[in-house]
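Reviewing the structure listed below.
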Amino acid sequence: MREQYIADLKFHRFSPLTVKKYTEEMLRLVACTWKSPAILSDDELRQHFDYLENNRHYSNSVLGIAYSAVKFFYAHTCPQEMPFLKIYRHQKDKTLPVVLSQHEVREALNNVHDIRYRSCLTLIYSCGLRVNEAVNITVNDIDSEQGLIYIRNGKGGKPRAVPLPEHTLHILRNIWQTHHHSELLFPAYIVSRTPVYRKYGCQDYPCSNVVLLTHFKQALASAGCRKNATIHTLRHSYATHLLEHKLHSSSPFFDFFSAFSAQKTF
């Protein structure tokens, strides 16, 4: 039944991450009730969500994933009526996104001492990319003549083209010259731990999101920034600074990023 559920999710064109999260929630349901979801009663399902919400105190986002996973199962994989799913509503977290100032972005990037990670974070900020989109960029995704970068597999599997500032293009060319990988712009390092820790060369897969986040967090701390920022904060900051620049200047949008990059980020 698990294999059928996963197959149904894939046929529905859910992303691999969504398939993973939904499957985990169904496994949690089995672990908590010790029953197959196919024979679970409506009252037992009600008790399960009461346990998650009032005993385990799961966040609204986790409860939303659990609800969507269970709803899909009983709607498609094992169709049956579950009246509880018609009355249950989960609240959505309403929080304002953290936004870094232009000065904070500059200081943070200047404190990322590894040039490969610094280049990737600069790309994320100057083009407003998601972290998964940035680390998976390949050489063939860059259209230098038109000044575009193609995102082949964005959120929801939607491709798009994003304007690429000229100075950022120069940065990408420089970083590729340091490793000459046939495809990837930001390949993971080869790590050797004996006799001493060192990293060199490149692997045939992109650098890790976790490693990139670790370096960004360290850079924020070194820059004295106390905001609870993540790499995705750079995307929010990109949108905010772009809007501010549009409201207060008549110059082209992407002159701002050229000015930003020219301030000795590299």
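FYI, it's all coordinate maths here, none of it is from the lab. Predicted model, so just to flag it, every value in this text is computed and none were measured. Cβ atoms come from the backbone with ideal geometry, glycine included; neighbour counts cover every protein chain shown.
Just want the answer: with Cβ charges of +1 for Lys and Arg and -1 for Asp and Glu, which residue in PRO16, GLN177, TYR5 is farthest toward the dipole's positive end in the chain?
Going by the charge dipole, the pick is GLN177.
Please list, by residue number, every one of the chymotrypsin sites (Phe, Trp or Tyr not before Pro) in the range 104-165 that is coil in DSSP and has at most 10 other beta-carbon atoms within 10 Å.
none
Treat every Asp and Glu Cβ in the chain as -1 and every Lys and Arg Cβ as +1, leave all other atoms uncharged, and give the resulting dipole magnitude about the Cα centre to the nearest 20 debye.
380 debye
Counting helices only, and only those DSSP H runs with n ≥ 4, report the 222 nm mean residue ellipticity of the chain as the sum of -39,500 (n - 2.57) divided by its residues, in deg cm²/dmol to the nearest 500.
Computed ellipticity for the chain at 222 nm equals -15000 deg cm²/dmol.
Points 7 angstrom from Cα along the Cβ direction at LEU17 and ILE115: gap in nanometres?
According to this spin-label approximation, the distance is 3.0 nm.
Pop out the Kirkwood hydrodynamic radius of the range 71-127 from its pairwise C-alpha distances, inverse of mean 1/r, in Å to one decimal.
15.9 Å
Students often get this wrong: which residues of the range 119-136 have the backbone nitrogen under 14 Å from the point 7 angstrom along Cα-to-C-beta of TYR205?
136
Please check the chain for the longest run free of GluC sites (Glu not before Pro) that are loop-located per DSSP (anything but H, G, I, E, B) and have at most 11 other Cβ atoms within 10 Å.
146-266
Order these by the 10 Å Cβ neighbour count, fewest first: THR122, THR178, THR18.
Ascending Cβ contact count within 10 Å gives the list THR178, THR18, THR122.
Round to the nearest 0.05 the FRET efficiency obtained for HIS57 and ALA239 when R0 = 30 Å and r is the Cβ-Cβ distance.
0.40
Return the distance in nm (one decimal) between the two label points of a simple spin-label model at GLN218 and THR95, each offset 7 Å from Cα along Cα→Cβ.
Between GLN218 and THR95, the simple spin-label model gives 2.5 nm.
Report the label-to-label distance for LEU27 and ILE39 in nanometres (one decimal), using points 7 Å from each Cα along the Cα→Cβ vector.
So the label points at LEU27 and ILE39 sit 2.2 nm apart.
Taking every Cα atom in the range 2-87, find the radius of gyration and the maximum pairwise distance Dmax, and write them in Å.
12.2, 35
What's the magnitude of the charge dipole for the range 2-87 around its Cα centre, counting Lys and Arg as +1 and Asp and Glu as -1 at the beta-carbon? Answer in Debye, nearest 20.
Dipole size: approximately 320 debye.
On average, how much area does the Cα convex hull of the range 28-157 cover when viewed from any direction, in nm²?
That works out to 12.7 nm², a quarter of the Cα hull's surface.
How large is the direction-averaged shadow of the alpha-carbon convex hull of the chain, in nm²?
With the hull built on Cα positions only, its mean projection is 18.7 nm².
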